[in-house]
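Student: Before I ask anything, here is the structure I am working with.
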Amino acid sequence: MSTLDSADIHSIEIRSIPASLIASEEASTEKARRERRRALILPREHGAWGLLLVPMVTGAGVAFHQASHIFPLILLLTAALTLFWLRTPLENLLGTSAMRAQTLEESHTLRSAIVLLGGIAAVALAALLWAGKNAGLWPLGVAVAAAFIAQAILKRLGRRTRILSEMVGTIGLTAAAPAAYYVITGEFNQVAWTLWLANILFAGDQIHYVQLRIHTAKVQGFGAKLAHGWGFALGQALMTAIITVACMARLIPPIASLAFAPLLFRGWFYFIQEPAPLIVRRLGWSELKHATAFCVLLIATFILAR
């Protein structure tokens, strides 16, 4: 009687597996690789894209009422988006985030993405700042860098400073509003700083509200919600006070306070609304609608006030 060695047995086992099953497993493996590669390169903070684009849109929307220099805005938008995108592959290559490269192939992919994004950002910034143009962006860039450094330090302190770190990070992201206004009009004036303040208030309220909803998904009743969300309620009251003072001092056109009305209503209504299961995707779409309403109302009220 003949005997089969291990190689023959393995070959017979492989041939006994249906080809469709092998193809399905290979497809699943390839899909998992693509998803991991995408996660290594693309920013995971989907809401942060909005925190960057909303200020850019509001700053540009108000500025276009005074000037129409669109090319510098395109350069600024390109630089801002690529630099924001660059952070994810850079952190994953350096191993300073939750994900990190595990193979030589992944490291090569991250390096390629970093070179490509860095090159695009460098070209856009060089064109934007060439021959001393838009020199006012330099001190603003220093302030943005300081905000992101402070955010990184706060992140390393643990979960207790997580919301604070996100709030500090919004200072850097929302600087897109005065930057967009400046490259279009050539001026850093009261309108530019007011747009920055308005966007900081909006972004801070939105971040706090989303975190509150996620961490109190199972909390019911006004008293229980207030006990868990007193910090958010205090933030709502503080935002109302800041807007009121700014309007009375004519730092913000009084009519511009309408842009914050949907946010304030949504925030206070949370404490009395009927309990319902939290659907994160629906919450995301709801906040996108609020961001759109804020953009439209802020731009419209600033233009009407002028």
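Every read-out reported here was derived from the displayed coordinates using simple, explicitly stated rules and does not represent laboratory data. Please read all numbers here as calculations on a predicted model, not as lab measurements. Backbone-built Cβ (ideal geometry, glycine too); neighbour counts: all protein chains shown.
Student: Once Lys and Arg get +1 and Asp and Glu get -1 on their Cβ, which of ALA192, LEU94, ALA305 lies farthest toward the positive end of the dipole of segment 43-305?
Tutor: Ranked along the dipole, the leading option is LEU94.
Student: Given a Förster radius of 51 Å and the C-beta distance between ALA261 and LEU104 as r, what FRET efficiency does 1/(1 + (r/R0)^6) yield to the nearest 0.05?
Tutor: The formula returns an efficiency of 0.40 here.
Student: Any idea which of LEU83, CYS247, LEU278 is furthest toward the positive side of the dipole for segment 43-305, if Lys and Arg beta-carbons carry +1 and Asp and Glu beta-carbons -1?
Tutor: LEU278
Student: Also, quick follow-up: How far apart, in nm, are two points set 7 Å out from the Cα along the Cα-to-Cβ line at PHE222 and at PHE188?
Tutor: Rounded to a tenth, the inter-label distance reads 4.7 nm.
Student: Let me ask something additional. Among 234-240, 136-142, how do they line up from the highest to the lowest mean number of other beta-carbon atoms within 10 Å?
Tutor: Sorting 234-240, 136-142 by mean packing, highest first, produces 234-240, 136-142.
Student: Calculate, for GLU35 and ILE149, the FRET efficiency according to 1/(1 + (r/R0)^6) with r their C-beta to C-beta distance and R0 30 Å; round to the nearest 0.05.
Tutor: E(calc), rounded to 0.05, equals 0.45.
Student: Can you compute the helix-only [θ] at 222 nm over the chain? Use -39500 (n - 2.57) per DSSP H run of at least 4 residues, normalise by all residues, nearest 500 deg cm²/dmol.
Tutor: -25500 deg cm²/dmol
Student: Further question: Using a Gaussian network model of the chain with C-alpha springs under 10 Å, which one of ARG281, ARG87, ARG38 is most mobile by mean-square fluctuation?
Tutor: ARG281
Student: Mind ordering 250-256, 117-123 by average Cβ neighbours within 10 Å, highest first?
Tutor: The densest-packed peptide leads the list: 250-256, 117-123.
Student: Return the Cα extents of the chain along principal axes one, two and three, sorted largest first, each rounded to a whole Å.
Tutor: Sorted from largest, the Cα extents of the chain read 101, 61, 35 Å.
Student: Then there's this: Suppose every K and R has +1 on its Cβ and every D and E has -1 on its Cβ; what is the size of the dipole of the chain about the Cα centre, in Debye to the nearest 20?
Tutor: Roughly 740 debye for the chain.
Student: Which of the peptides 178-188, 264-274 is most tightly packed, and how do the rest follow, judged by the mean count of other Cβ atoms within 10 Å per residue?
Tutor: So the peptides 178-188, 264-274, ranked by packing, come out 178-188, 264-274.
Student: Can you grab the distance from the C-alpha centre of segment 232-306 to the C-alpha centre of segment 44-110, Å, no decimals?
Tutor: Centre-to-centre distance over Cα atoms comes out at 25 Å.
Student: LEU234 to PHE71: extension gain in nm, 0.36 nm per residue of separation minus the Cα-Cα distance?
Tutor: Length gained, LEU234 through PHE71: 54.5 nm.
Student: Is there a quick way to get the dipole size of segment 114-199? I mean about its Cα centre, with the Cβ of Lys and Arg at +1 and of Asp and Glu at -1; what is the value in debye to the nearest 20?
Tutor: So the dipole magnitude of segment 114-199 works out to roughly 460 debye.
Student: Additional query: For the chain, what is the relative contact order in percent, using Cα pairs closer than 8 Å and at least 6 residues apart in sequence?
Tutor: Here the relative contact order equals 20 percent.
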